[in-house]
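What follows is one structure encoded as structure tokens, with my remarks underneath.
The values are calculated or read from the model by the stated rules, or taken from the named source; none is laboratory data. Since we're looking at a predicted model, the values are computed, not measured. With ideal geometry, Cβ positions are generated from the backbone for all residues, glycine too; neighbour counts draw on all protein chains shown.
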Amino acid sequence: MKALVVIPTYNEIETLAGALDGVRRAVPAAHVLVVDDNSPDGTGRLADARAQADYHIHVLHRTEKNGLGPAYLAGFSWGLASGYELICEMDADGSHRPEDLALLIQRAEMADAPDLVIGSRWVSGGATSGWDARRVALSRGGNLYINAMLGLRVKDATAGFRVYRADSLRRLSLGEVEALGYGFQVNMTKLVADGGGRIVEMPITFHEREAGQSKLSGGIFSEELALVTKWGLAKRGSQLADLAASAGRSARDALLRARTPKQRAQKRSR
């Protein structure tokens, strides 16, 4: 299947070349789209140079840095318009191994046709490298909270290493995406699950970034926490409303069954 690997960048000049080289070795048939948010360090110019030398590499320049979610959505739109059948997400900082990407794509191409394949740190066989206990606990705890609130049954809903089937993306209401930062991954997982899509997880090893500065911040985690709480409360409200309606129907049916034949005949004659 024709695959596109979307790599969003902002000041990744130290790591982008290695990421591109790795993808081209591991999945030589795939194409790569670098979505650069006007990086002041010259990442966009490096991507342009690589694209001129290799027709498998493409560049989408955005004029401002306004979040991971909008960058990926721009890449999805480009990929869907260009006719790719699989659209992948991958970081530029070396944390995602290209050899794992090859396995994720193979899984997406299998006969059961999953709508979303997630490269997961927290399923059996998954791992992290270079993380301290605090960061492991934060990620695991966050995913436990997400599942408790949203019932996604996904062990690593925050993972940013994934493969979507293009026809599945077309069925989603991408205009409903609310998250700008790393909550985008949870938002997309929720949309796929709410739409009845099939989600599978594959174990990967996540490495701490090779160089450059992390984009994670307290604001990113606050956004994700607030959105998950909002979605979870909305889900609980809907479930309570459904339960109340069901209870009302059951009570009505019980009353109807309890009426005598004479009462039912009188009810019909009115």
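Structure notes:
- When every residue of the range 42-58 is checked against the conditions, at least one turns out to be at negative phi and in a strand (DSSP E or B).
- Top-ranked residue of the range 118-135 - restricted to ones that are over 16 Å from the mean Cα position of the chain (by Cα) and not in a loop (DSSP other than H, G, I, E, B), ranked as nearest to residue 198 (Cα to Cα): 127
- A count restricted to the range 155-197 and to residues that are part of a helix (DSSP H, G or I) and among the hydrophobic types (A, V, I, L, M, F, W, C) stands at 9.
- The set of residues in the range 127-147 that are closer than 24 Å to residue 234 by Cβ and free of Cβ contacts under 8 Å to residues at least 60 places away in the same chain comprises 141, 143, 144, 147.
- Qualifying residue in the range 228-243 (condition: modelled with pLDDT of 90 or more, farther than 22 Å from residue 101 by Cα, outside any helix (DSSP H, G or I) and within 24 Å of the chain's Cα centre (by Cα)): no
- Candidates 80, 73, 33: the one that is hydrophobic (A, V, I, L, M, F, W, C) and buried (at least 20 other Cβ atoms within 10 Å of the Cβ) is 33.
- Close pairs (7 angstrom Cβ cut-off, 6 or more residues apart or separate chains): part of a strand (DSSP E or B) and aliphatic (A, V, I, L, M) in the range 68-93, at pLDDT below 95 and surrounded by fewer than 23 Cβ atoms within 10 Å (Cβ to Cβ) anywhere: 86/1
- Checking residue 130 against (1) under 25 Å from residue 9 (Cβ atoms); (2) at pLDDT 95 or above, the condition it does not meet: (2)
- Residue list for the range 83-121, filter: among the acidic types (Asp, Glu) and farther than 21 Å from residue 172 by Cα: 91, 93, 99, 100
- Which listed residue is farther than 19 Å from residue 3 by Cβ, surrounded by 14 or more Cβ atoms within 10 Å (Cβ to Cβ) and without any contact (Cβ under 8 Å) to a residue 40 or more places away in the chain, from 157, 179: 157
- Scan the range 1-27 for residues that are over 23 Å from residue 66 (Cα atoms), charged (D, E, K, R) and touching a residue at least 24 places away in the same chain (Cβ under 8 Å) and the total you get is 3.
- Residue that is modelled with the lowest pLDDT [pool: residues in the range 92-127 that are among the acidic types (Asp, Glu) and buried (at least 20 other Cβ atoms within 10 Å of the Cβ)]: 93
- Which numbered condition residue 152 fails, given (1) assigned to a loop (DSSP other than H, G, I, E, B); (2) out of contact with any helix residue (DSSP H, G or I) (no Cβ under 8 Å at 6 or more places or on another chain): (2)
- Restricting 75, 67, 79 to those that are closer than 19 Å to residue 9 by Cα and modelled with pLDDT under 95 reduces the list to 67.
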